[in-house]
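Novice: One structure follows; several queries about it will come next.
The values are calculated or read from the model by the stated rules, or taken from the named source; none is laboratory data. Treat the numbers as computed from the prediction; the structure is a model and nothing was measured. So basically every Cβ, Gly included, is an ideal-geometry build from the backbone, and we count neighbours across all protein chains shown.
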Amino acid sequence: MTEAYYITASELAKRSYDDLPDELNSAKHMIYSSPATLDFNSPGAKGFGVKRAGLAIPGSVMLLIAPGCCGRNTALLNELGYSERFFYLMLDDTDIVTGRYISKIPQACAELLEELETEPSVVMLCVTCVDALLGTDMERVCRACEDLTGVKTAPAYMYALTREKRLPPMGLIRKSVYSLLEPQKRRSNECSIMGFFSALEDDCELYALLRSIGIKNIHELGRCKTFNDYQMISRSNFSLVLNSEARAAAQDMQSRLGIPFIELTRMFRISKIHNQYALLGQALGSQLDDTEYMNNAKNIVDSFRNKYPGEVFAIGESLNADCFELALALTEYGFRVAEIYGTVGERNFVFVKKLAELSPDTRIYSNLSPTMMNYEPLKDVTVAIGADAMYYHSDIAGTPFNEEEQPFGYRAVELLFNKLDKVLSESRGGAR
Amino acid sequence: MKKLLKHLSPLAPDDSGACSVLYEMGAVTVICDAGGCAGNVCGFDEPRWFTKRSALFSAGLRDMDAILGRDELLVKKLSLICEQVDARFTAIVGTPVPAVIATDMRAIERMAEKRTGLPCIALNTDGTNLYDYGEEMVYKRLFEQFVSDEYSTVKGRVGVLGATPLNTGELTSDRIKGELRSEYGTDVVCFGLDSGIDDIIRACECEKIVVIAPSGLAIARFLNKKYGIPYDVSGCCIDKNVLEAAKALDNKKVLIIHQQFTADYLREQLSGCDVTCASWFKMVASYKQENDVHIKGEDQFIELVENGDFDVIIADSFFKRALNTFKGEWIDLPHFAVSGRLNKDI
């Protein structure tokens with residue numbers, strides 16, 4: 001059996017993004033269903049896949065139009081209370097070859113509406129690889145459903161086949177869930193935060209910073225309780241996009257609703273967070289005073305480093321961070337990062353290059369590589385960050401750091417180090 | 001509408017059933033999909049995924065692979081993996097993607113065998129059928145292809161067909177062996193559960209085959225016809241509390257829902273009751289009683305219960321969602337292929 005494939009940061013940095021080794025290129029090999037792979041291929045009860053994300057609009061229901069295999073893991077979402085909101089139009093083998101089911105979708109919508117006590121805000125029609133291959137015109141199908149039922153209908157494209165396209169399924173679904181917003185008068189003291197399906201962590205300084213420059217209402221999809229709350233999003237004067245997968249949705253809102261957007265990145269390097277807030281202030285025409293938050297984050301990192309100076313980290317990608325940026329941050333703070341399990345993309349290759357200068361021997365593994373089934377953990381790693389890293393290093397201290405509440409800015413740094421402190425002190429105290 | 005599910009979520013599909021039988025066979029198994037089907041198998045329908053290592057992978061198909069029919073690339077990736085992982089044979093499991101583009105699975109099988117030098121079985125599962133269909137298909141291919149007649153009968157050796165987590169709710173063979181040993185023989189092997197391809201090659205050593213789910217019946221008949229191995233049908237792995245609750249019933253009208261042989265076995269434990277067995281999965285005509293029902297859709301299922309006047313239902317509590325009007329007693333009988341619950345979850 002071949003050992004799990006890895007490449008060091010320095011070896012990888014010597015190559016360009018266009019010259020990745022085959023083992024880091026998922027198009028060149030079979031895919032191993034590691035915990036991280038499952039997180040995006042089959043999110044189940046954790047996180048948001050297309051199916052759960054499609055129900056982010058308050059009061060919505062979903063009709064999944066697919067062979068049984070595509071909806072099988074939806075049973076996991078029942079535990080989260082979604083069972084009343086999912087319906088299934090099951091396709092048989094003749095359906096998937098002929099596409100004869102397409103004409104039955106409006107009637108299926110009508111029948112599911114009869115089942116509901118209250119009219120939903122929207123019926124999301126979730127389609128799969130079958131319709132990607134058949135080339136089904138879902139805009140047209142949605143119009144036919146609306147004509148028959150009088151209820152808003154929108155598509156949710158669960159096209160796993162197009163995951164590496166410019167607009168992948170998680171980008172398309174973000175576009176879909178914001179597509180029902182209608183133009184209205186924008187308010188200068190309102191804005192929206194886009195990027196996640198759940199809200200930012202309550203104590204994130206971004207809220208306070210925005211309020212300090214006169215923003216009264218901050219809209220977030222994850223905080224909308226009613227469809228009316230959702231509609232308020234289009235009153236925003238501008239949007240902050242915190243996850244690049246929401247860029248297409250923000251562009252659509254800019255062109256349809258006239259709402260401009262500013263893109264920010266979740267980072268763990270304090271100096272970069274400070275720079276980003278300075279630039280945001282400039283873009284908004286005000287100065288954002290983040291001194292207090294920055295100093296607090298610095299103190300937390302310093303205090304952690306004094307308490308645990310020699311920790312060696314393994315970082316996965318099933319977490320609320322870019323694993324390469326986080327590895328760079330930890331390295332800059334004086335820690336050693338021995339292993340990263342991640343997917344190298346064009347955007348994070350820049351972090352790999354910087355990491356190579358500070359920590360050339362850091363091993364980079366691909367969660368998707370079949371050789372990962374033979375992975376043996378490095379003995380000198382003392383802390384794991386990310387659900388996948390914890391799976392690989394099941395006998396050491398670790399934090400999944402993948403809660404639904406989204407960490408951002410200095411608060412993300414604070415939350416991470418507090419969690420690490422907690423698990424390490426428990427582990428060193430003998431109670432993990 | 002017959003194929004509309006308004007209360008229930010989909011049951012385990014054929015590709016999951018195929019993978020379940022192949023899981024411990026020592027093959028490199030490739031699910032011919034874009035990633036989602038493999039995710040459903042490894043993340044939901046295969047409870048052994050995080051406890052027993054298996055070379056089960058997704059082909060990671062992309063739209064252009066499907067549109068251009070890049071079978072050669074699939075085979076190339078398969079041969080690469082055979083260099084990285086020890087394998088006795090390879091298996092390719094179909095999904096809706098190859099079904100839509102009409103992939104010639106037999107051709108891929110031949111291409112793979114030529115390239116890797118290993119036997120290959122390619123399966124025309126497409127995710128639209130149920131798990132028992134996929135299990136039956138794999139049993140058929142494995143036993144027809146690999147059984148060797150060089151082995152003679154070993155006294156006390158019993159082979160079990162249908163022993164998958166999807167049928168039994170068990171992750172290991174311990175309980176099945178424990179229950180069957182006293183009645184059938186001391187040396188029990190559950191094909192595909194704590195057992196690999198070698199036990200299939202040596203299947204002729206079995207004095208008897210015990211079939212615990214309908215998916216194993218066709219191949220038991222094949223083994224009987226070709227090698228003269230007798231077979232018997234039985235149920236097993238019913239929780240003690242369920243059995244006790246069922247045995248305590250008297251003069252009741254009872255509906256049992258599970259895979260056919262488990263439901264039948266439980267019926268045999270009841271006395272003085274009017275029992276109907278029903279299943280969403282394959283029901284073998286020769287084992288059906290007059291009133292037994294093969295459930296084909298949600299509306300038919302609801303109608304069966306509403307018109308059946310049952311006092312008691314013994315079934316996975318997952319089905320309760322569709323039966324708001326049922327006011328009788330419910331005895332929970334988990335079925336992994338329905339709810340994803342193991343026996344230990346009860």
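Novice: Pull out all pairs, ordered by first then second residue, where Cβ-Cβ is under 7 Å, the residues are six or more apart or on different chains, the first lies in region B:84-113 and is without any contact (Cβ under 8 Å) to a residue 24 or more places away in the chain, and the second is assigned to a loop (DSSP other than H, G, I, E, B) and among the hydroxyl-bearing types (Ser, Thr, Tyr).
Specialist: Once the first residue is without any contact (Cβ under 8 Å) to a residue 24 or more places away in the chain and sits in region B:84-113, its partners that are assigned to a loop (DSSP other than H, G, I, E, B) and among the hydroxyl-bearing types (Ser, Thr, Tyr) give B:84/A:2.
Novice: Filter region A:180-202 for residues that are farther than 30 Å from residue A:146 by Cα and within 27 Å of the chain's Cα centre (by Cα) and give the result.
Specialist: Let us first name the residues in region A:180-202 that are farther than 30 Å from residue A:146 by Cα, namely A:187-191, A:199-202.
Listed by number, the residues that qualify are A:190, A:191, A:199, A:200, A:201, A:202.
Novice: I would also like to ask the following. Yes or no: residue B:88 touching a helix residue (DSSP H, G or I) at 6+ places or on another chain (Cβ under 7 Å) and facing another protein chain (nearest Cβ under 7 Å)?
Specialist: Numbers: touching a helix residue (DSSP H, G or I) at 6+ places or on another chain (Cβ under 7 Å): yes; facing another protein chain (nearest Cβ under 7 Å): no.
It is false that residue B:88 is touching a helix residue (DSSP H, G or I) at 6+ places or on another chain (Cβ under 7 Å) and facing another protein chain (nearest Cβ under 7 Å).
Novice: Further question on the same structure: Give the residues of region B:189-222 that are out of contact with any Gly (no Cβ under 8 Å at 6 or more places or on another chain), over 29 Å from residue B:280 (Cα atoms) and of a type outside the set (D, E, K, R), sorted by residue number.
Specialist: Of everything in region B:189-222, those that are out of contact with any Gly (no Cβ under 8 Å at 6 or more places or on another chain), over 29 Å from residue B:280 (Cα atoms) and of a type outside the set (D, E, K, R) turn out to be B:201, B:204.
Novice: Residue by residue through region A:361-410, note down the ones that are out of contact with any Leu (no Cβ under 9 Å at 6 or more places or on another chain) and of a type in the set (Asp, Glu).
Specialist: A:361, A:376, A:380, A:395, A:404
Novice: Looking only at region B:289-310, which residues are outside any loop (DSSP other than H, G, I, E, B) and among the aliphatic types (A, V, I, L, M)? Let's see the steps before the verdict.
Specialist: Kept after step one, since they are outside any loop (DSSP other than H, G, I, E, B), are these residues of region B:289-310: B:293-294, B:298-308.
B:293, B:302, B:304, B:305 - these are the residues of region B:289-310 that are outside any loop (DSSP other than H, G, I, E, B) and among the aliphatic types (A, V, I, L, M).
Novice: Need the failing condition index for residue B:21 against (1) within 25 Å of the chain's Cα centre (by Cα); (2) facing another protein chain (nearest Cβ under 10 Å); (3) within 19 Å of residue B:120 (Cα to Cα), just the number.
Specialist: Only one criterion is unmet by residue B:21, namely (2).
Novice: Here's a follow-up. For region B:84-100, give me the residue count where each residue is part of a loop (DSSP other than H, G, I, E, B), of a type outside the set (Val, Ile, Thr) and touching a strand residue (DSSP E or B) at 6+ places or on another chain (Cβ under 7 Å). Give the steps one after another, and end with the answer.
Specialist: Residues of region B:84-100 part of a loop (DSSP other than H, G, I, E, B): B:85-88, B:94-95.
Narrowing the set further to residues that are of a type outside the set (Val, Ile, Thr) leaves B:86-88, B:94.
Now narrow it down to the ones that are touching a strand residue (DSSP E or B) at 6+ places or on another chain (Cβ under 7 Å): B:87-88, B:94.
Of the residues in region B:84-100, 3 are part of a loop (DSSP other than H, G, I, E, B), of a type outside the set (Val, Ile, Thr) and touching a strand residue (DSSP E or B) at 6+ places or on another chain (Cβ under 7 Å).
Novice: Which is facing chain B (nearest Cβ under 10 Å), among the hydrophobic types (A, V, I, L, M, F, W, C) and within 30 Å of residue A:338 (Cα to Cα), of A:112, A:38, A:89?
Specialist: Values: A:112 fails: within 30 Å of residue A:338 (Cα to Cα); A:89 fails: within 30 Å of residue A:338 (Cα to Cα).
After ruling out the rest, the residue left standing is A:38.
Novice: Another one. Output the residues belonging to region B:126-173 that are within 14 Å of chain A (Cβ to nearest Cβ) and either modelled with pLDDT under 95 or assigned to a loop (DSSP other than H, G, I, E, B) (or both).
Specialist: B:126, B:127, B:128, B:129 - these are the residues of region B:126-173 that are within 14 Å of chain A (Cβ to nearest Cβ) and either modelled with pLDDT under 95 or assigned to a loop (DSSP other than H, G, I, E, B) (or both).
Novice: If you don't mind, another one. Taking the residues in region A:298-351 that are outside any helix (DSSP H, G or I) and among the acidic types (Asp, Glu) as candidates, determine which candidate is modelled with the lowest pLDDT. Steps first, please.
Specialist: Narrowing region A:298-351 to residues outside any helix (DSSP H, G or I): A:308-322, A:333-348.
Imposing the further condition that a residue be among the acidic types (Asp, Glu) reduces the set to A:311, A:317, A:322, A:339, A:346.
Details: A:311: 96, A:317: 94, A:322: 97, A:339: 98, A:346: 88.
Once the filter is applied, the top-ranked residue is A:346.
Novice: Just to verify a result, which residue in region B:239-271, among those that are charged (D, E, K, R) and touching a residue at least 40 places away in the same chain (Cβ under 8 Å), is farthest from residue B:166 (Cα to Cα)?
Specialist: Here is the first cut: in region B:239-271, the residues charged (D, E, K, R) are B:239-240, B:244, B:247, B:250, B:252-253, B:264, B:267-268.
After this cut, where a residue has to be touching a residue at least 40 places away in the same chain (Cβ under 8 Å) as well, the list is B:239, B:252-253.
Numbers: B:239: 15, B:252: 29, B:253: 28 Å.
Top of the filtered list is B:252.
Novice: Going through region B:332-346 one residue at a time, which ones are surrounded by fewer than 23 Cβ atoms within 10 Å (Cβ to Cβ), within 11 Å of chain A (Cβ to nearest Cβ) and not in a loop (DSSP other than H, G, I, E, B)?
Specialist: B:339 - this is the single residue of region B:332-346 that is surrounded by fewer than 23 Cβ atoms within 10 Å (Cβ to Cβ), within 11 Å of chain A (Cβ to nearest Cβ) and not in a loop (DSSP other than H, G, I, E, B).
Novice: Let me ask something additional. Check region A:50-59 and report whether any residue there is outside any loop (DSSP other than H, G, I, E, B), out of contact with any His (no Cβ under 7 Å at 6 or more places or on another chain) and within 12 Å of another protein chain (Cβ to nearest Cβ). Before the answer, list the steps.
Specialist: Looking only at region A:50-59, we keep the residues that are outside any loop (DSSP other than H, G, I, E, B), and these are A:50-54.
Applying the additional criterion that residues be out of contact with any His (no Cβ under 7 Å at 6 or more places or on another chain) yields A:50-54.
Those still in the list that are within 12 Å of another protein chain (Cβ to nearest Cβ) too: A:50-51.
Yes, there is a match, as at least one residue in region A:50-59 is outside any loop (DSSP other than H, G, I, E, B), out of contact with any His (no Cβ under 7 Å at 6 or more places or on another chain) and within 12 Å of another protein chain (Cβ to nearest Cβ).
Novice: Pick from A:358, A:378, A:415: which is touching a helix residue (DSSP H, G or I) at 6+ places or on another chain (Cβ under 9 Å) and either away from chain B (no Cβ under 14 Å) or buried (at least 19 other Cβ atoms within 10 Å of the Cβ) (or both)?
Specialist: The unique qualifying residue is A:358.
Novice: Another question, then. Could you count how many residues in region B:311-331 are surrounded by fewer than 16 Cβ atoms within 10 Å (Cβ to Cβ) and assigned to a helix (DSSP H, G or I)?
Specialist: Adding up the residues that qualify gives 2.
Novice: Now for a separate question. Among the strands (runs of 3 or more DSSP E) lying completely within region B:190-276, list those that include at least 2 residues that are within 17 Å of the chain's Cα centre (by Cα) and in the same structural domain as residue B:161 (by TED's automatic domain parsing).
Specialist: Filter on region B:190-276 gives B:208-211.
Novice: Listed residues B:274, B:299; which is of a type outside the set (Lys, Arg), without any contact (Cβ under 8 Å) to a residue 40 or more places away in the chain, over 21 Å from residue B:234 (Cβ atoms) and in contact with a Lys or Arg (Cβ under 8 Å, 6 or more places away or on another chain)?
Specialist: On the way: B:299 fails: without any contact (Cβ under 8 Å) to a residue 40 or more places away in the chain.
Only one candidate passes the filter, namely B:274.
Novice: Follow-up. Taking region A:158-188, which residues are away from every other protein chain (no Cβ under 14 Å) and assigned to a loop (DSSP other than H, G, I, E, B)?
Specialist: Those that are away from every other protein chain (no Cβ under 14 Å) and assigned to a loop (DSSP other than H, G, I, E, B): A:179, A:180, A:181, A:182, A:183, A:184, A:185, A:186, A:187, A:188.
Novice: Among the listed residues B:81, B:121, identify the single one that is touching a Phe, Trp or Tyr at 6+ places or on another chain (Cβ under 8 Å) and either surrounded by fewer than 21 Cβ atoms within 10 Å (Cβ to Cβ) or not in a helix (DSSP H, G or I) (or both).
Specialist: Working: B:81 fails: either surrounded by fewer than 21 Cβ atoms within 10 Å (Cβ to Cβ) or not in a helix (DSSP H, G or I) (or both).
When all the criteria are applied, what remains is B:121.
Novice: I'd like the full set of residues that are surrounded by fewer than 17 Cβ atoms within 10 Å (Cβ to Cβ) and within 12 Å of chain B (Cβ to nearest Cβ), limited to region A:135-152.
Specialist: Result: A:135, single match.
Novice: Here's another thing I want to ask about it. In region A:366-374, is there at least one residue being under 25 Å from the mean Cα position of the chain (by Cα), surrounded by fewer than 19 Cβ atoms within 10 Å (Cβ to Cβ) and of a type in the set (Gly, Ala, Ser)?
Specialist: Scanning region A:366-374, I find no residue that is under 25 Å from the mean Cα position of the chain (by Cα), surrounded by fewer than 19 Cβ atoms within 10 Å (Cβ to Cβ) and of a type in the set (Gly, Ala, Ser), so the answer is no.
Novice: Can you tell me which residue within region B:301-310, out of those that are at negative phi and away from chain A (no Cβ under 14 Å), is surrounded by the fewest Cβ atoms within 10 Å (Cβ to Cβ)? Before you say what the answer is, go through the steps one by one.
Specialist: To start, the set of residues in region B:301-310 that are at negative phi comprises B:301-308, B:310.
Still in the running and away from chain A (no Cβ under 14 Å): B:303-308, B:310.
Details: B:303: 12, B:304: 17, B:305: 20, B:306: 12, B:307: 8, B:308: 18, B:310: 22.
Restricting to residues being at negative phi and away from chain A (no Cβ under 14 Å), the top hit is B:307.
Novice: Go through region B:41-72 and give me each residue that's within 7 Å of chain A (Cβ to nearest Cβ) and either in a helix (DSSP H, G or I) or in contact (Cβ under 8 Å) with a residue 60 or more places away in the chain (or both).
Specialist: Within region B:41-72, B:42, B:43, B:44, B:45, B:63, B:66 meet the criteria.
Novice: Something else about it: Which residue out of B:38, B:34 is within 7 Å of another protein chain (Cβ to nearest Cβ) and in a loop (DSSP other than H, G, I, E, B)?
Specialist: On the way: B:38 fails: in a loop (DSSP other than H, G, I, E, B).
Every option except B:34 fails the conditions.
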